[in-house]
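Quick notes on the structure that follows.
The values are calculated or read from the model by the stated rules, or taken from the named source; none is laboratory data. None of these values were measured; they are calculated from a predicted model. All Cβ positions, even for glycine, are placed from backbone atoms using ideal geometry, and neighbour counts span all protein chains on display. Calculation scope for accessible area: heavy atoms of the full protein, side chains included, ligands and nucleic acids excluded. Shrake-Rupley method; radii C 1.70, N 1.55, O 1.52, S 1.80 Å.
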Amino acid sequence: MDVTLRQLRAFAALARTGGFTRAAESLHITQSALSGLIKELETQLGVRLVDRSTRRIQLSEVGREFHSVVTRVLRDLDGALENIDNLKRLRRGIVRIAAPQLMASTLIPEVIAGFRKIHPDIQIHLMDCAVENAIAQAVRGEVDISIGPHREGLTDVAADPLFEVPFMAVFPPGHPLDNLKTIGWADLMRHPMIALQGQFTDQLAMDLQKQSSLTPARPSHEVTFMSTALSMVNAGLGVTAGLPYAQHLVDLYGLRARLLHAPVIRRQFFIYSRLHASLSPAAEAFVQYLHKHVGLREW
């Protein structure tokens with residue numbers, strides 16, 4: 001049995017208006033086309049749905065029962081189509097993002113604020129966490145996208161390059177490093193170092209050895225979040241190496257940040273999402289906005 005949507009809408013319009021002329025006008029089709037759709041529907045169902053007279057039509061007993069079902073089906077279908085249209089036109093939707101704690105407290109909020117001005121009906125849920133947890137959430141499908149640095153050996157995840165930034169030396173004002181014309185990694189490591197735990201520091205050590213044969217000294221302190229490291233630098237406990245998007249917090253703590261040379265090491269960041277899983281229209285729009293307002297920025 002091959003009942004079509006056009007037939008159901010024709011039957012619903014006929015039941016609503018009580019006549020072929022008005023029903024045809026409401027659907028913007030001819031009266032003969034409407035009559036043909038009703039006849040096709042009755043033939044396929046094998047029952048009479050409409051009792052016709054010279055003045056008006058009436059639904060048969062079967063037609064009245066069938067009409068209640070058709071009304072519910074069309075209402076649910078129209079609601080679903082409207083919901084899809086709203087998602088497509090970005091009138092509604094949710095974007096779930098995971099980002100490292102420092103990025104989530106500096107760079108990402110300004111991106112969200114700009115995006116919401118354009119798409120006020122889209123909800124943005126931001127999860128701030130440790131770097132490795134941010135990427136893992138994308139792998140597990142707990143968020144639509146996550147933002148994080150390059151990592152080797154990632155599977156089941158798509159990596160979309162976002163931006164690349166150099167490392168900066170971060171130190172208190174009046175520190176001896178500020179007297180140097182250029183600051184090298186060897187200069188930085190002559191002072192007590194506050195470093196991040198885990199792959200952030202491990203990867204940095206490998207990059208230093210690969211590009212300069214420098215072996216990083218054992219840090220004086222290891223912490224989980226860069227905001228903690230900056231606070232400790234502010235307290236005079238040492239210096240640290242950070243990335244330019246932390247500048248807001250660097251300024252907030254009254255610290256200095258300068259490019260690190262010999263060598264200049266850059267860290268590339270990606271937008272991660274589940275491999276072979278399509279993003280929602282809202283998430284796609286946010287990724288495009290992220291590229292436009294962050295990916296093109298010069299650091």
The stretch 127-192-the stretch 30-89 distance, computed between alpha-carbon centres (Å): 60
So who's got an amide H within less than 5 Å of the one on Ala98, skipping anything under 5 residues away but keeping other chains? H placed 1.01 Å off N, in plane. Met127, Ile145, Ser146, Ile147
Helix 31-45 sits off the longest principal axis of the Cα atoms of the chain, rounded to the nearest 10 on a 0 to 90 degree scale, by 90
Cβ-based charge dipole, the stretch 156-299, positive-most Cα from Pro166, Gly242, Leu255: Leu255
Do you know the Lys pair count in the chain for C-alpha distances under 28 Å, with sequence separation 8 or more or different chains? 4
What order, most packed first, do the peptides 218-225, 102-109 have when packing is the mean number of other Cβ atoms within 10 Å of each residue? 102-109, 218-225
By accessible area with a 1.4 Å probe, ligands and nucleic acids excluded, highest first: order of Thr240, Thr71: Thr71, Thr240
With a Förster radius of 25 Å, plug the Cβ-Cβ distance of His276 and Arg116 into 1/(1 + (r/R0)^6) and report the FRET value to the nearest 0.05. 0.25
Compute, for the stretch 225-299, the length of the dipole vector about the Cα centre, with Cβ point charges of +1 (Lys, Arg) and -1 (Asp, Glu) only. Units Debye, rounded to 20. 160
Which ³J(HN,Hα) values, rounded to whole Hz and listed in residue order, are derived for the stretch 107-123 from phi using the Karplus coefficients 6.51, -1.76 and 1.60 in 6.51 cos²θ - 1.76 cosθ + 1.60 with θ = phi - 60°, glycine and proline given as x? 7, 5, x, 5, 5, 4, 4, x, 5, 5, 5, 7, 10, x, 8, 8, 8
In whole percent, how big is the carbon plus sulfur part of the accessible area of the chain, probe 1.4 Å, protein atoms only? 51
About its Cα centre, the stretch 165-295 carries a charge dipole, from +1 on Lys and Arg Cβ atoms and -1 on Asp and Glu Cβ atoms, whose size in debye to the nearest 20 is 200
In what sequence, largest accessible area first, do Tyr245, Tyr253 appear using a 1.4 Å probe? Tyr253, Tyr245
Over the stretch 82-230, calculate the relative contact order: mean separation of alpha carbon pairs under 8 Å at least 6 apart, over the residue count, as a percent. 21
What's the magnitude of the charge dipole for the chain around its Cα centre, counting Lys and Arg as +1 and Asp and Glu as -1 at the beta-carbon? Answer in Debye, nearest 20. 880
Counting alpha carbon pairs within less than 8 Å and at least 6 residues apart, what relative contact order, in whole percent, applies to the chain? 21
Under the 0.36 nm per residue contour assumption, what length would be gained going from the current alpha-carbon distance of Ala262 and Asp51 to full extension? 66.9 nm
Interchain or sequence-distant (5+) residues whose placed amide H lies within less than 5 Å of the amide H of Ile183 are His261
Angle between the chain longest axis and helix 281-290 axis [Cα atoms, degrees, rounded to 10]: 30
Long-range amide H partners of Ile265, meaning residues 5 or more apart or on another chain whose placed amide H is closer than 5 Å, are Phe167
Which parts of the stretch 35-62 would a label at Thr21 reach, counting a residue when its backbone N lies under 12 Å from a point 7 Å out along Cα-to-Cβ? 55-56
